Amino acid sequence: MSKKTILVVEDEEDIQQLVSFHLIKENFFVLCADDGDECLEKFEREHVDLIILDIMLPGISGLELCRIIRKDPRGKHVPIIILTARSEERDVVEGLETGADDYITKPFSPKVLVARVKAHLRRASEMHGRSRQPPRRISLPMEIKLDIDLYQVSIKGRKIDLTVSEFNIFRFLATHPERVFSRQQIINEIRGDGYEVTSRAVDVQVHGLRKKLGVAGCLVETVRGVGYRFRTDTS
């Protein structure tokens, strides 16, 4: 298997070298960028499997970079891990809202970072493998079609552009209709046990999911004091 390429976007030289050292030790090929312009130039020129992205960069901010990459067809499903000193809950929420798949705060454990990188690459590889097989399609209320293996949701034939996290939440709830799941159960299902994400982050993803589903967003129902469920009664 060929080496996976990780693009590390970090303007602090010590951190850039620390991250690169631990990734190279794990047999990854590492590209580095000191600012947003260099990041976009390398992303355009090279095949990148995952991006580790600081927020506070010279010029283009990390959040704006995340938005730009997500709008690029090649960057739609490339895992993005934000690595930043900004640790307030609102910062985490904003990072996830821009389309990042993960958010790690400084100071950080290099071993944890590498583990997260491997986990995201593994999920991306599984998704790519499933996309080569005949897709499993599920028909849902309000003319929703869920293509599990293609990571696609459509309503009345119109494709809904969901992030990977939004899709995974929708898939999990929709394939277990009427069952109520806590926020932690949802986190464990889509990320893995012990994944440190706040309940607020799940709420943000659900809010974004509902907004994109439009009228059909009412099917993702909040169960006060517990969590969420996918309801099948549309009356």
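The values are calculated or read from the model by the stated rules, or taken from the named source; none is laboratory data. Small disclaimer: the values here were computed from a predicted structure and weren't measured. Here the Cβ positions follow ideal geometry from the backbone for every residue, glycine too, while neighbour counts run over all protein chains shown.
Any residue at all in the stretch 22-30 that's assigned to a helix (DSSP H, G or I), surrounded by fewer than 14 Cβ atoms within 10 Å (Cβ to Cβ), of a type in the set (A, V, I, L, M) and not assigned by TED's automatic domain parsing to the domain that holds L162? Break it down into steps so the answer makes sense when it comes.
Residues of the stretch 22-30 assigned to a helix (DSSP H, G or I): 22-25.
Now drop any that are not surrounded by fewer than 14 Cβ atoms within 10 Å (Cβ to Cβ), which leaves 24-25.
Applying the additional criterion that residues be of a type in the set (A, V, I, L, M) yields 24.
Checking which are not assigned by TED's automatic domain parsing to the domain that holds L162 leaves us with 24.
Within the stretch 22-30 (the criterion being assigned to a helix (DSSP H, G or I), surrounded by fewer than 14 Cβ atoms within 10 Å (Cβ to Cβ), of a type in the set (A, V, I, L, M) and not assigned by TED's automatic domain parsing to the domain that holds L162), the answer is yes, since at least one residue qualifies.
Would you mention how many residues in the stretch 39-96 are polar (S, T, N, Q) and loosely packed, with under 14 Cβ neighbours inside 10 Å? Full working, then the answer.
Of all residues in the stretch 39-96, those polar (S, T, N, Q) come to 61, 84, 87.
From what's left, loosely packed, with under 14 Cβ neighbours inside 10 Å: 87.
The qualifying residues number 1.
Output the number of residues of the stretch 88-106 satisfying the condition of being among the aliphatic types (A, V, I, L, M) and either in the same structural domain as A201 (by TED's automatic domain parsing) or in a helix (DSSP H, G or I) (or both).
3
I need the full set of residues from the stretch 6-17 which are surrounded by fewer than 16 Cβ atoms within 10 Å (Cβ to Cβ) and either assigned to a helix (DSSP H, G or I) or aliphatic (A, V, I, L, M) (or both), in order please. Reasoning before the result, please.
Looking only at the stretch 6-17, we keep the residues that are surrounded by fewer than 16 Cβ atoms within 10 Å (Cβ to Cβ), and these are 12-14, 17.
If the condition is that a residue be surrounded by fewer than 16 Cβ atoms within 10 Å (Cβ to Cβ) and either assigned to a helix (DSSP H, G or I) or aliphatic (A, V, I, L, M) (or both), then E13, D14, Q17 are the ones that fit.
With respect to V206, is the statement that it is buried (at least 16 other Cβ atoms within 10 Å of the Cβ) and within 19 Å of P177 (Cα to Cα) true?
Working: buried (at least 16 other Cβ atoms within 10 Å of the Cβ): yes; within 19 Å of P177 (Cα to Cα): yes.
Yes.
Please note which strands (runs of 3 or more DSSP E) are completely contained in the stretch 122-198 and include at least 3 residues that are touching a Pro at 6+ places or on another chain (Cβ under 7 Å), modelled with pLDDT of 85 or more and loosely packed, with under 15 Cβ neighbours inside 10 Å. Break it down stepwise before answering.
Values: elements: 137-140, 144-147, 152-155, 158-160.
Counting at least 3 such residues, we get no strands (runs of 3 or more DSSP E) at all.
For D34, are the conditions met, namely being surrounded by 15 or more Cβ atoms within 10 Å (Cβ to Cβ), more than 20 Å from the chain's Cα centre (by Cα) and at pLDDT 95 or above? Can you show your working first?
On the way: surrounded by 15 or more Cβ atoms within 10 Å (Cβ to Cβ): yes; more than 20 Å from the chain's Cα centre (by Cα): yes; at pLDDT 95 or above: yes.
When the stated conditions are applied, D34 passes them.
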